[in-house]
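All remarks here apply to the structure that follows.
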Amino acid sequence: MTSTTPAGGPINRLRGAIGVLYREAIKFGVIGAIAFVIDMGSFNLLRQTLLEDKPTAAVIVSASIATAFSWLGNRTWTFRHRRNRPAHHEAALFAGTNGVALLIQAAAVAFSNYILGYESLTADNVAKIVAIGLGTLFRFWAYRRFVFAGEPIDVDTSPLAGLHESAEDQR
């Protein structure tokens with residue numbers, strides 16, 4: 001039976017858009033999980049050594065290290081099919097977006113330490129994890145909306161490119 005919807009019809013465009021969003025979300029999650037390990041690992045290392053009494057400074061340093069990794073991963077893998085700006089322009093937008101997310105983290109840890117009086121490493125980790133969650137939601141939205149805002153190109157050559165199509169073929 002032939003379909004009455006043309007190949008470029010609204011259903012196929014919607015399906016394609018959902019497939020792109022799905023692949024981007026998975027890739028963003030992988031890069032984010034690795035950046036999370038880098039961020040939390042370096043934060044805890046700094047809090048137990050060089051910046052033992054400076055939790056906010058430890059947040060800034062650890063988040064900056066994780067941001068550098070995240071820039072490379074998201075630019076070269078997650079959103080590589082969306083690039084439409086010069087690298088320096090994307091980098092500036094990326095830095096601004098991550099600056100806002102870093103402020104969310106620093107504010108949460110500072111609030112926990114200096115306002116609520118919770119100065120333990122455990123309290124810092126809880127505050128940081130909650131703030132990372134909030135920052136992650138902001139970053140995903142901002143990356144898609146501002147940083148890597150170009151329309152996706154038709155060809156996605158990434159390792160997860162066939163994930164959506166493979167799932168449809170199995171039906």
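Just so you know, all these numbers are worked out from the coordinates, no wet-lab data involved. On a predicted model such as this, the values are computed, not experimentally measured, just so you know. Methodologically, a virtual Cβ is constructed for each residue, glycine included, from the backbone with ideal geometry; neighbour enumeration extends over all protein chains shown.
Worth pointing out:
- Cα-projected label distance for VAL37 with ARG80, points at 7 Å along beta-carbon direction, nm: 2.0
- Translational diffusion coefficient (Stokes-Einstein; Kirkwood radius from C-alpha pairs) of region 11-155 at 20 °C, 1.002 mPa s, in µm²/s: 134
- Using C-alpha pairs below 8 Å separated by at least 6 residues, the relative contact order for region 11-155 is 27 percent.
- Between SER64 and LEU50, the distance separating the two model label sites (each 7 Å from Cα on the Cα→Cβ line) works out to 0.9 nm.
- Taking a point 7 Å out from the Cα of ALA107 in the direction of its Cβ, the residues of region 116-152 whose backbone N falls within less than 19 Å of it are 116-118, 124-143.
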